[in-house]
1. Can you list the lysines whose alpha carbon is less than 19 Å from that of K168, not counting same-chain residues fewer than 8 positions off?
2. Is any residue of region 42-70 close enough, with backbone N under 18 Å, to a label point placed 7 angstrom from the Cα of E30 along the Cα-Cβ axis, and if so, which?
3. Pulled fully out, how much extra length does the chain show between A87 and D66, if you take 0.36 nm times their separation in residues and subtract their Cα-Cα distance?
4. Taking a ≥ b ≥ c as the square roots of the Cα gyration tensor eigenvalues, with a/c under 1.5 meaning rounded and otherwise prolate when a/b beats b/c, else oblate, which class fits region 178-307?
5. If you take the Cα atoms of region 104-268, find Rg, then find the Kirkwood Rh from the mean of 1/r over all pairs, what is Rg/Rh?
6. Can you tell me how much longer the chain between K307 and K44 gets when fully stretched, taken as 0.36 nm per residue apart minus their C-alpha distance, in nm with one decimal?
7. Would you mind pulling out the separation of the Cα centroids of region 104-131 and region 177-217, in Å?
8. Full-extension gain between L166 and A13, please, as 0.36 nm times their residue separation minus the C-alpha to C-alpha distance.
Amino acid sequence: MKKVLLATEKPFAAKAVAKIEEICGAAGYEVRKLEKYTSVDELKAAIKDVNAVIIRSDKITKEIMDAAPELKIVVRGGAGFDNVDCAAAKEKGIVVMNTPGVNANAVAELAIGMAIYTARTCFTPSTGTELKGKKLGLQAYGNVGRNVARIAKGLGMEVYAFDPFLTKEKIESEGVKYIATKEELYKTCNYVSLHIPANDETKKSITKEFMMDMPKPATLINTARKEIINEEDLAAVLEARPDFKYVADVAPDNAEELKAKFEGRVFFTPKKMGAQTSEANDNAAEAAANEIVNFFEKGDVRFQVNK
Ligand code: 3PG
């Protein structure tokens, strides 16, 4: 009997967990749960004899995989897989998959929600501004970027996108203005919303020069990964530009310092919650469980990210 571990430090909602149990159960698999764990040792103990693991932002390092000799597949219920050592997995013949798009609308709604929150002076009675008519730049036009564009257009924003992996025709066919360079995106838009993964190329890639270039007043929205921001530069920009705001679902390491110094101009969710809706949990759980069953039963590796 195949054993599937659901290892979620930040658990899925109960209904989504039941979906995993239902899909894996129907295939004759046993589902074990390790939720809200607090140490690597707990994960190592739970993973030691399972064949598959479903995770969220949980870290699957080489050390964890070394402790899992029976492991064949890791499924990240969500989009970003920077929390999995994909190279080590490949070396060990472990397949890594994600479930792209399943939580994109949830993340997009939070990005827009945070934009409104900061534009309306953190819901204080001070006079705020409206999003209508403002220029919003999307750094990357993938699943989340597309959903942000759809909502922002409904609010009357002018939406621009920079995505080196997509053509001008593709972006413009969706009613979004194409921007050819990252420099131009930041020079053009009062709001920039980040939708890039964290990898060797993107880590610390949002630097002072880009943030300083944004027209006044400027708001940078980060629902992607904290690692993509150069945090020292961010602090320097907040210091240099009183019009600059930063809102993030992925608080920087210097969050407390920034909150104390720049009250009302920075906002961080207490714990990453972009994907934390009932709908996104259901979608991610269902997709992850199906990927595991299809992998074992049909050899389906369509969603593999470590080929
Ligand atoms: C993702 O990459 O899908 C999102 O960042 C969601 O992450 P989470 O599952 O940890 O909430």
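Only the coordinates and a few stated rules stand behind these numbers; no lab work does. Keep in mind that this is a model prediction, so the values were computed, not measured. Heads up, the Cβs are rebuilt from the backbone with ideal geometry, glycines too, and the neighbour counts pull from every protein chain shown.
1. Within the straight-line cut-off, K168 pairs with K135, K153, K177, K182, K187.
2. The answer is 43-54, 68-70, whose backbone nitrogens lie closer than 18 Å to the label point.
3. Separation in residues times 0.36 nm, less the Cα-Cα distance, equals 6.2 nm.
4. Prolate, since a/c reaches 1.5 and a/b exceeds b/c.
5. With Rg and the Kirkwood Rh in hand, the quotient comes to 0.93.
6. Working: separation 263, 0.36 × 263 = 94.68 nm, distance 2.48 nm.
Extra length from K307 to K44 when fully extended: 92.2 nm.
7. Measuring centre to centre over Cα atoms gives 19 Å.
8. Details: separation 153, 0.36 × 153 = 55.08 nm, distance 3.47 nm.
Answer, rounded to one decimal: 51.6 nm.
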